[in-house]
Amino acid sequence: MCCPRPACGPLGVPVGLTSEAVESHEPKFLKAVEMFFDRAAKYCDASPEVLKHIKSTDSVLSVTFPMEKDGKTLMIRGYRSQHSRHRLPCKGGIRYSSAVDLQEVEALSALMTYKCAVVDVPFGGGKGGIMIDPKEWTEAELERITRRFTLELCQKNFIGPGVDVPAPDVGTGPREMGWIADTYRNFNPQDVNGAACVTGKALSLGGVRGRTEATGLGVYYGVREFLAFPEVRKQINHHGKVEGSTVIVQGFGNVGYWASKFFEANGALITGVVEHDAAVYNEAGLNVEQLAQWRKEHGTFRGFPDAKVIDEPMRLLEAECDVLIPAALERQIGLRNAHKIKAKLIGEAANGPMTPGADEVLRANGKVIVPDLLLNAGGVCVSYFEWAKNLSHLRFGRMTKRWDERSKEQLLVLVEGNAGRPLSEVERRQLIHGAEEHELVYSGLEDTMIVACSETHQTAIAKGIDYRTAALANSINKIAASLSGSGSIFTHA
Ligand code: NAD
């Protein structure tokens, strides 16, 4: 079949390419999110007016500005979508990719609204994107693009600690967040809370320990919780533990790498990792750190020893495993490959990795799907901690660590008296140890994921629905509750 040529980005890179997994008639990302919303809305108590309000995007900003490259002037396009301001600030990442377009940014911002509600993070949903392939620009050029985009956000009041707070996403990281924070502060030098205008910053710029790995760690906690639910164990005929499970991960960026690390550290076998150019497979388990080192040095998995290299990477999504973690981009599982997926549980680490049609096929085949809005919420959860840290101007644990240690020490004196033996120095240190910042962050994240997984599971069982619909229904009900009586909806003349 002949396909129309895709539109091109500023450097001639095709944009909006349809994944090879998706049929041309399948809905685009935004439509898919809306379809999932409509499915869940049937199980909610909210009125049709409130549902309409929740579903629609509040505001979008589209900007275009010139950048010079190799003697040519190129027009750069960027977007910021604020899906919901029922709670402020809006929160969501900024993506740099040649496939960025407005409907993708809107879809991602809607997911952010639902995600924040699922994990009780008191933010509205936002998302941004710049249509560039970051690999084609030098660091100095990326800095200029980032600062210029932030300037646009400042001028249009689309950024600020109480307005809209970006974070990293595909193609961005702490470096870009640092540039954003600095630009914002230059515009708002009197704002004492300026550091809270963006999260995912380096520690030296007000970041929080644990943010870098937060999304991957949340993915691990979420999958661990779901595997342990009796209904899930029975449905997929699994022993219920991460330990000994085989896992295939697609996308070895921030989320995929950290998720792989935590699964491996907790006894799972990472049997396959899929990247855009090649995939690697070893049924005895890959060494995640060695694989990361290899890719860093060679820019590819090709040549990695002790693993089979697969040139058609998408085929590895179809291999036997207990858990499949799509952690790359949206629309990676569609009607072309859903029926071939053999994994028992699919944990959506990426946003929107499967189409509604694929979701239906997989569920009909008895697979358990842990949905994106729940499973990858670790990032926004720890971003919330970072924002709160910036507003309090205080490192977590600073006021309590020594006090906790001294209190526990006094308790230990009594315990030793009763036990009739003194504790060894190692035992003593372990028991009295006061929590460091990263331990508090991990603990807050773990609790958040346990509670959100349990709420989703309970709704699914009570209403006899799948986990995506349950998570979305819970989320919609929470947003509706916050809107009702707020005066923001005029339902009567
Ligand atoms: P990233 O840019 O760090 O990594 C993405 C990785 O996917 C890269 O290594 C890239 O080469 C790879 N990739 C791209 N296309 C691919 C393909 N077709 N097949 C296989 N691999 C491919 O991005 P990230 O921050 O890890 O985000 C990944 C996903 O997780 C996105 O959907 C993002 O929206 C979502 N997410 C990220 C965060 C976060 O905190 N970073 C939070 C929540 C959700």
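Points worth noting:
- Qualifying position, being under 30 Å from T459 (Cα atoms), touching a helix residue (DSSP H, G or I) at 6+ places or on another chain (Cβ under 6 Å), open to solvent by less than 80 Å² (accessible area, probe 1.4 Å) and in a loop (DSSP other than H, G, I, E, B), among G379, G352: G352
- Scope segment 118-130; condition within 14 Å of the chain's Cα centre (by Cα) and outside any strand (DSSP E or B); matching residues: V118, V119, V121
- Hits in segment 189-221 (condition: of a type in the set (S, T, N, Q) and part of a helix (DSSP H, G or I)): S204, T212, T215
One line per residue, one yes/no per condition, for (1) among the basic types (K, R); (2) open to solvent by less than 30 Å² (accessible area, probe 1.4 Å):
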{"residue": "D38", "(1), (2)": "no, no"}
{"residue": "A46", "(1), (2)": "no, yes"}
{"residue": "V50", "(1), (2)": "no, yes"}
{"residue": "H53", "(1), (2)": "no, no"}
{"residue": "T57", "(1), (2)": "no, no"}
{"residue": "L61", "(1), (2)": "no, yes"}
{"residue": "G71", "(1), (2)": "no, no"}
{"residue": "G78", "(1), (2)": "no, yes"}
{"residue": "R87", "(1), (2)": "yes, no"}
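- Filter result for R421 (away from the ligand (no atom under 16 Å from the Cβ), assigned to a loop (DSSP other than H, G, I, E, B) and under 26 Å from the mean Cα position of the chain (by Cα)): no
- Annotation note: of I325, I341, the sole residue that is at pLDDT 95 or above and within 13 Å of the ligand (Cβ to nearest atom) is I325.
- Matching residues, segment 222-250, being assigned to a helix (DSSP H, G or I), open to solvent by 10 Å² or more (accessible area, probe 1.4 Å) and touching a Cys at 6+ places or on another chain (Cβ under 8 Å): E225
- For segment 210-257, the tally of residues that are touching a residue at least 12 places away in the same chain (Cβ under 8 Å), basic (K, R) and more than 11 Å from the ligand (Cβ to nearest atom) stands at 2.
- Every test in (1) outside any helix (DSSP H, G or I); (2) open to solvent by less than 10 Å² (accessible area, probe 1.4 Å); (3) of a type in the set (F, W, Y) is passed by Y114 save one, and that test is (1).
- Among the residues of segment 360-376, those that are out of contact with any Lys or Arg (no Cβ under 7 Å at 6 or more places or on another chain), within 16 Å of the ligand (Cβ to nearest atom) and not in a strand (DSSP E or B) comprise D372, L374, L375, N376.
- Residue tally, condition surrounded by fewer than 23 Cβ atoms within 10 Å (Cβ to Cβ) and in contact with a Gly (Cβ under 6 Å, 6 or more places away or on another chain), over segment 181-201: 3
- Within segment 258-279, the residues that satisfy the criterion of being crowded, with 23+ Cβ neighbours inside 10 Å and either within 12 Å of the ligand (Cβ to nearest atom) or acidic (D, E) (or both) are W258, A259, S260, G272, V273, V274, A279.
- Residue match in segment 138-145 (condition: assigned to a loop (DSSP other than H, G, I, E, B), without any contact (Cβ under 8 Å) to a residue 60 or more places away in the chain, at positive phi and away from the ligand (no atom under 13 Å from the Cβ)): no
- Segment 333-358 residues that are within 22 Å of G126 (Cα to Cα), paired with ones that are among the polar types (S, T, N, Q) and within 16 Å of the ligand (Cβ to nearest atom) (beta carbon under 6 Å, 6 or more apart): A349/N376; P353/Q332
- Filtering segment 146-180 to residues that are assigned to a helix (DSSP H, G or I) and either within 16 Å of the ligand (Cβ to nearest atom) or within 21 Å of the chain's Cα centre (by Cα) (or both) leaves T146, P174, R175, E176, M177, G178, I180.
- Considering residues of segment 333-348 that are in a loop (DSSP other than H, G, I, E, B) and among the basic types (K, R) only, the residue least open to solvent (accessible area, probe 1.4 Å): K344
The values are calculated or read from the model by the stated rules, or taken from the named source; none is laboratory data. As the structure is a prediction and not an experimental result, all values here were calculated from the model. A quick note on method: Cβ atoms are made from the backbone with ideal geometry, for glycine too, and the neighbour counts reach across all protein chains shown. Just the protein is used for accessible areas: all its heavy atoms, side chains included, with ligands, DNA and RNA removed. Shrake-Rupley method; radii C 1.70, N 1.55, O 1.52, S 1.80 Å.
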